[in-house]
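Engineer: Here's a structure for you.
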Amino acid sequence: MLISDFLCAIVVSGFVSPLTEKVELRENIKQRKKCGNMEYETNNWIWDGMYNHPHVFGGLMLTAALLGLSTSYFGGITVPQLPYLWPDSGIFHKKKCEKKRIRVYMDGCFDLMHYGHANALRQAKALGDELVVGVVSDEEIIANKGPPVLSMEERLALVSGLKWVDEVIPKAPYEITEQFMSRLFNEHKIDYIIHGDDPCLLPDGTDAYALAKKAGRYKQIKRTEGVSSTDIVGRILSSLRDTNGGEDQNNTSLHKTPESQPKSAHLSQFLPTSRRIVQFSNGKGPGPNARVVYIDGAFDLFHAGHVEILKNARQLGDFLLVGIHNDETVSEHRGHHPIMHLHERSLSVLGCRYVDEVIIGAPWEVTMDMVTTFNISLVVHGTVSEYNSLFTGESDPYSVPKSMGIFKLLESPKNITTTSVSQRIIANHDAYMKRNAKKAESEKKYYAQKTYVSGD
């Protein structure tokens, strides 16, 4: 019925734009069906048209039926098929449906924030479209785990600075209670509650996520091996013992006992892989005319001060490149090895939302070759630094960018350093030794019962 389609197309030409090629129309409809958050329910468009435009639809059908009698006279004429025109005609109602965005929730203490925390939140974000993170209050941490090292403000800054986090709920409870779960579902529109495969037990031995599991709104991710806040505290206490011959500044013995610290607490158990680095990377380089800002450092025990200085540095350009010094360089200029090794520090920096790229094992001095290779427009450094010899004239690593007029000293927003964070633990080492002893037992039990868990 080629001519009937042709004449019907003329009838509807008052409602549509000039006819295009049939192939283009078919592709247009195909694209509309695949359109992002719009879903065209093509099974019902004819009935929608009959309901919303009965007179027009009836007239078209009658015209098509009458003209179909004379199609044999014009059998050689081919025109676009009418069904391809109707969805584009604009006279029929197109039912549109917004795709629901999945919101997931994950909570934690996030004390001594490390790449394991970042990787957990990365995995959680992959299970939905929007990630809401609850940061447990100081009071809840003290009641369930022991004293936190970082304040609520510092922990909020660290969590908010992660590239996978969309929203943050401060002072979240340690346990998912009925009341808080209702708040998550109704107020924050959470679809699923996420946690790692390691057990999270309350002081009475019960599961902190029991209610979420019972409600069928719980999903599990794989724990990141090789690091934990407990492990980091152990490394700090161990490094102090090694530095001071087993005593702190108050001549208190810091030698660990087998019960209080695992023998290998001061050793990193992290097994770096190229896949993990790719997962944390943005995977994009700077544009040809981008203003590249460079900042370097150790970034050991990644803290709120690091987040704030990186945020300020990023605001000075279009692309933030961060140089991370290797362990030997850090040891040479600080007099001791970093708490976290190079790959651990690199992942912590890569997880920051303000960072575009890192140089793993960056040289101590910013050379002309570096500036040219990476097209660096500005080199910055904070006023708060662990390196005491930076501006004493002994060895200025920024002499080249200074001579080029592209160096800027940034006022550090927070007076926090890796040493100051470590000193908090040292000053209260008895409390942290006790806390670590308790956590070490639970981790020992976890590893004894550990089985393979799929995931990233």
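The values are calculated or read from the model by the stated rules, or taken from the named source; none is laboratory data. Please read these numbers as outputs of a predicted model, since none were measured by experiment. We place every Cβ from the backbone using ideal geometry, glycine too, and count neighbours over all the protein chains shown. We work out accessible area using only protein heavy atoms, side chains counted, and drop any ligands, DNA or RNA first. Shrake-Rupley method; radii C 1.70, N 1.55, O 1.52, S 1.80 Å.
Engineer: Per residue, how much accessible area does the range 301-429 show when a 1.4 Å probe rolls over the protein heavy atoms, in square angstrom?
Structural biologist: Accessible area per residue, the range 301-429: 42 Å².
Engineer: Net charge around M106, counting only other residues with Cβ within less than 10 Å of its Cβ (Lys, Arg = +1; Asp, Glu = -1)?
Structural biologist: Combined, the nearby Lys, Arg, Asp and Glu give +1.
Engineer: Now for a different question. Farthest toward the dipole's positive end in the range 274-416, which of V400, H333, Q315, given Cβ charges of +1 (Lys, Arg) and -1 (Asp, Glu) about the Cα centre?
Structural biologist: Q315
Engineer: With +1 on each Lys and Arg Cβ and -1 on each Asp and Glu Cβ, how big is the dipole of the range 274-416 about its Cα centre, in debye rounded to the nearest 20?
Structural biologist: Once rounded to the nearest 20, the dipole reads 600 debye.
Engineer: May I ask you to rank T224, T177 by accessible area, largest first, using a 1.4 Å probe over the protein chains only?
Structural biologist: Ranked from most to least accessible, the order is T177, T224.
Engineer: Something else: For the range 169-240, which trypsin sites (Lys or Arg not before Pro) are in a loop by DSSP, counting at most 14 other Cβ atoms within 10 Å?
Structural biologist: Sites meeting the loop and neighbour criteria: K189.
Engineer: Out of all DSSP beta bridges in the range 103-221, what portion is antiparallel? Express it as a percent rounded to 5.
Structural biologist: The antiparallel fraction comes to roughly 5 percent.
Engineer: Please state the shape class of the range 269-399: rounded when a/c is under 1.5, otherwise prolate if a/b exceeds b/c and oblate if not, all from the C-alpha gyration tensor.
Structural biologist: Oblate, since a/c reaches 1.5 and b/c is not below a/b.
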